[in-house]
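These notes concern the structure reproduced below.
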Amino acid sequence: MGIIREVTRDDIPVCVDLIKKSFLTVAESYGITEENAPRFTAFATTTERLLQQMDEGRPMYLYEEDGRIYGYYSLFITDNDECELNNLAVLPDFRHKGIGKKLLEHSYKTAREKGCKLMNIGIVEENQPLRKWYEANGAVHVGTKKFDFFPFTCGYLTKEIK
């Protein structure tokens, strides 16, 4: 049985590797490369960036079992009682085992504790299985946006935090 705990500074390099590996499967599935989308999570996540986010006070959590880290997420708290779910990730070989759902439910609880009333979630819109998963777990699709710097459409979901 795994646990969800706060990320420590020592965990950051492992979390960076986990995020990159997890998001790389999405990149490979949808033709996203470092050349056509250098700012995509699989390519843009660095130890320095995560340490900076930690120093800014972003809540960061990981899923750990038997001393190994299998999942991660962070929250970005905004001023208007809202927050953004960032980098929810589970290592590819450990997906479909309920880890992502545990992390998502934990993120809802953490958001509530931090005073958030609404959670914003961004996805690769073309990744319909992921969109359906978020919708099955309480999120509502609210729109899409196409950016010149990404070869995919950004999809947006929200979840009311009660």
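Key figures for this structure:
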{"read-out": "Enumerated strands (runs of 3 or more DSSP E) restricted to region 2-101, each holding at least 1 residues that are farther than 30 Å from ASP148 by Cα, among the aliphatic types (A, V, I, L, M) and in contact with a Lys or Arg (Cβ under 8 Å, 6 or more places away or on another chain)", "value": "3-6, 60-65"}
{"read-out": "Which numbered condition PHE23 fails, given (1) surrounded by fewer than 20 Cβ atoms within 10 Å (Cβ to Cβ); (2) under 15 Å from the mean Cα position of the chain (by Cα)", "value": "(1)"}
{"read-out": "Counted residues, region 108-149 - those being in a loop (DSSP other than H, G, I, E, B) and of a type in the set (Phe, Trp, Tyr)", "value": "2"}
{"read-out": "Which listed residue, of LEU51, LEU104, LEU18, is over 27 Å from PRO129 (Cα atoms) and surrounded by 13 or more Cβ atoms within 10 Å (Cβ to Cβ)", "value": "LEU51"}
{"read-out": "Near pairs, Cβ below 8 angstrom, 6+ apart or cross-chain, from region 7-34 (under 16 Å from GLN53 (Cβ atoms)) to any residue that is surrounded by fewer than 15 Cβ atoms within 10 Å (Cβ to Cβ)", "value": "ARG9/LEU51; ILE12/THR47; ILE12/LEU51; PRO13/THR47; VAL16/THR46; VAL16/THR47"}
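Read-outs throughout are calculated quantities, based only on the coordinates presented, and are distinct from any laboratory measurement. Only a predicted model underlies this, so the values are computations on that prediction, with no experimental measurement involved. For neighbour counting, all protein chains shown are included, and Cβ atoms are generated from backbone atoms with ideal geometry for every residue, glycine included.
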